[in-house]
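The next block holds one structure in the form of structure tokens; read it before the comments.
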Amino acid sequence: SQELEQSPQSLIVQEGKNLTINCTSSKTLYGLYWYKQKYGEGLIFLMMLQKGGEEKSHEKITAKLDEKKQQSSLHITASQPSHAGIYLCGADLNTDKLIFGTGTRLQVFP
Amino acid sequence: GAGVSQSPSNKVTEKGKDVELRCDPISGHTALYWYRQSLGQGLEFLIYFQGNSAPDKSGLPSDRFSAERTGGSVSTLTIQRTQQEDSAVYLCASSPRAGLGRGYTFGSGTRLTVV
């Protein structure tokens, strides 16, 4: 969707390295959802952010929503092979449905 | 059920044939969504059902696509006269109520291949 841009499209990192994925909206975000998808599987919910400046963490994954509520970042600390997959951001633009970015394919090599 | 169930998990069909994809949402979830994920693409919204309200069909790509939800539970997505560009993974999701709350629970998808 042109309303939601995700970058980078692909990321290859060495195990133990940190990485950041960005999600930028052309409109105000009423909510921002991060999901992870492994090949052949559905999307697994990671985190939801609603308030400007909000930050949430789960294990080694931290997500932030900027003050203007138009950009979110997902940061993984000390990446592991288990972090590999496709990360998708989903935006609530106040239309009762989520609009998704194109995804970031993450590969982590030993 | 414990999760969102989709069937079949894989479907290969010949160009021009009709296909039906099924989604069984989590019991009690009033909202149900269909998305399509093409190779290298993000999720494309197709249609959204909320309770007894008229569905939001704004994402259906052509009149060959239709969906229904019977009894507020199971949903079927039908693609008529399939084309090769219809090849994709079709994902279904449900959520507990109007508005998005904690977001959706997704099924594992149906991988459709049109040959």
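The values are calculated or read from the model by the stated rules, or taken from the named source; none is laboratory data. Quantities reported herein were computed from a predicted structural model and do not represent experimental measurements. Neighbour counts run over all protein chains shown; Cβ positions are idealised from the backbone, glycine included. Only protein heavy atoms, including side chains, enter the accessible area calculation; ligands, DNA and RNA are left aside. Shrake-Rupley method; radii C 1.70, N 1.55, O 1.52, S 1.80 Å.
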Of all the strands (runs of 3 or more DSSP E) wholly in the range A:25-81, which have at least 1 residues that are open to solvent by 50 Å² or more (accessible area, probe 1.4 Å) and without any contact (Cβ under 8 Å) to a residue 24 or more places away in the chain? A:43-49, A:55-58, A:61-65
Spot the failing condition for residue A:46; the list is (1) within 24 Å of residue B:59 (Cα to Cα); (2) within 13 Å of chain B (Cβ to nearest Cβ), and only one is missed. (1)
Please state which of the following conditions residue B:2 fails to meet, knowing it meets all the rest: (1) out of contact with any Gly (no Cβ under 9 Å at 6 or more places or on another chain); (2) crowded, with 17+ Cβ neighbours inside 10 Å; (3) not polar (S, T, N, Q). (2)
Suppose the filter is buried (at least 17 other Cβ atoms within 10 Å of the Cβ), without any contact (Cβ under 8 Å) to a residue 60 or more places away in the chain and either among the charged types (D, E, K, R) or at positive phi (or both); does residue B:56 pass it? yes
So, of the residues in the range B:70-84 that are at pLDDT 95 or above and either crowded, with 19+ Cβ neighbours inside 10 Å or out of contact with any strand residue (DSSP E or B) (no Cβ under 7 Å at 6 or more places or on another chain) (or both), which turns out to be nearest to residue B:45 (Cα to Cα)? B:77
When every residue in the range B:31-45 that is hydrophobic (A, V, I, L, M, F, W, C) and more than 10 Å from chain A (Cβ to nearest Cβ) is compared, the one surrounded by the most Cβ atoms within 10 Å (Cβ to Cβ) is B:32
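Only one residue in B:28, B:16 is modelled with pLDDT of 95 or more, open to solvent by 30 Å² or more (accessible area, probe 1.4 Å), out of contact with any strand residue (DSSP E or B) (no Cβ under 8 Å at 6 or more places or on another chain) and of a type outside the set (Val, Ile, Thr), so which one is that? Give the derivation first.
Values: B:28 fails: modelled with pLDDT of 95 or more.
Residue meeting the stated conditions: B:16.
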Please go through the range A:82-109 and pick out each residue that is part of a strand (DSSP E or B), away from chain B (no Cβ under 14 Å) and either under 11 Å from the mean Cα position of the chain (by Cα) or not β-branched (Val, Ile, Thr) (or both). A:106, A:107, A:109
